[in-house]
């Protein structure tokens with residue numbers, strides 16, 4: 001249950017971190033890339049049953 005909620009929150013954060021607006025185009029992909037790595041870690045932990 002906690003893992004599913006965490007996964008949904010991380011996906012929403014990744015969508016929110018995409019550089020779509022004019023003020024965030026200079027950021028590059030660092031915010032969404034960092035959140036993507038965190039998402040991969042959470043998915044691996046979910047598959048292993050540790051969360």
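Applying 1/(1 + (r/R0)^6) with R0 = 35 Å to the Cβ-Cβ distance of residue 12 and residue 50 gives a FRET efficiency near 0.95. Per-peptide packing, taken as the mean over residues of other Cβ atoms within 10 Å, places 39-49, 7-17 in the sequence 7-17, 39-49 from highest down.
Any read-out appearing in this document is the output of simple, stated calculations on the displayed coordinates, not a laboratory observation. This is a predicted model, so every value here is computed, not measured. Here the Cβ is made from the backbone with ideal geometry for all residues, glycine too, and neighbour counts use every protein chain on show.
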